[in-house]
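A short worksheet on the structure shown next.
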Amino acid sequence: MTSRSKEKVAAAFRKLFRSPEKLDKDGAGPSGSPARRGLFRRHRDGVSPAEAAVSLPASPAASALATKKAVCANDARERAAAVRTRRLMKELKEIQRSQEHRPNPVFTVELVNDNLFEWHVRLHQIDPESDLASDLRELSISNILLHLIFPENFPFAPPFMRVIEPRIEKGFVMEGGAICMELLTPRGWASAYTVEAVVMQFAASVVKGQGRVARVPPRSSREFSRRRAEEAFRSLVKTHDKYGWVTPSLSDG
């Protein structure tokens, strides 16, 4: 090989092994290509922290902790379901036993579609001197039908209760049959309260609020449904959480 050929080969090797920064400076490297600069940088600096985090599998300790949390959460749900079931079974048996020994019970209970967590309660007796009782007698309505739904965390949270029929005006009964009663809110509820206590409290408050059976369809076009009752009740709870509970005068219903 001639000396000139050797010089060309040596120059080619020097150009090949220059650093990316040197090549950029001399204009002979990939300065015009951001992608190529990034490629050189990746090979120089190694894998980015984000890529390392994605590529690394979870440690055995972290996986074990996540599994333990999931198991604990499932156990908690199962315990809560067992507590709710035992409590409602006990109350249902006591109410049925009471109904059997009373010729004219104040109220009776029926399961909705054999569902222990959804009840129909028929209130047969309220203050006989009240205007509401007079309306019921006049219209030959034998009872007030209530619908109760028990949440998963009952008895540590209140049931949702609404009036289904007849439609009642005032008496702390709102749209959709929702009931304005502090006892039925998370703030006013206590786990010691029984279904009987809730029903008897309603019987007293509907009379105190001067409730009457609606004789004509309401002017509002909104539907009389569980969904509407739940919306009205949520609005009620927000209002009272903000301003507190102040019992309105009887004239306000």
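Points to keep in mind about this one:
- Number of the condition not met by Ala203 [criteria: (1) within 28 Å of the chain's Cα centre (by Cα); (2) closer than 27 Å to Arg97 by Cβ]: (1)
- Cross-chain or 6+ apart pairs with Cβ under 9 Å, the range 90-102 first and at negative phi, then assigned to a helix (DSSP H, G or I): Glu91/Val195; Glu91/Glu196; Leu92/Val195; Glu94/Glu196; Ile95/Val195; Ile95/Glu196; Ser98/Glu196
- Flag for Val109 being farther than 23 Å from Gly209 by Cβ and touching a residue at least 24 places away in the same chain (Cβ under 8 Å): yes
- The set of residues in the range 102-124 being more than 30 Å from Ala82 (Cα to Cα) and at pLDDT below 95 consists of Arg102, Pro103, Asn104.
- Within the range 107-137, the set of residues being under 33 Å from the mean Cα position of the chain (by Cα) and hydrophobic (A, V, I, L, M, F, W, C) comprises Phe107, Val109, Leu111, Val112, Leu116, Phe117, Trp119, Val121, Leu123.
- Residues of the range 171-196 that are more than 21 Å from the chain's Cα centre (by Cα) and open to solvent by less than 30 Å² (accessible area, probe 1.4 Å): Gly171, Phe172, Val173, Val195.
The values are calculated or read from the model by the stated rules, or taken from the named source; none is laboratory data. Just so you know, these numbers come straight off a predicted model, no measurement behind them. Virtual Cβ from ideal backbone geometry, glycine too; neighbours counted across all protein chains shown. With ligands, DNA and RNA removed, areas are computed over all heavy atoms of the protein, side chains included. Shrake-Rupley method; radii C 1.70, N 1.55, O 1.52, S 1.80 Å.
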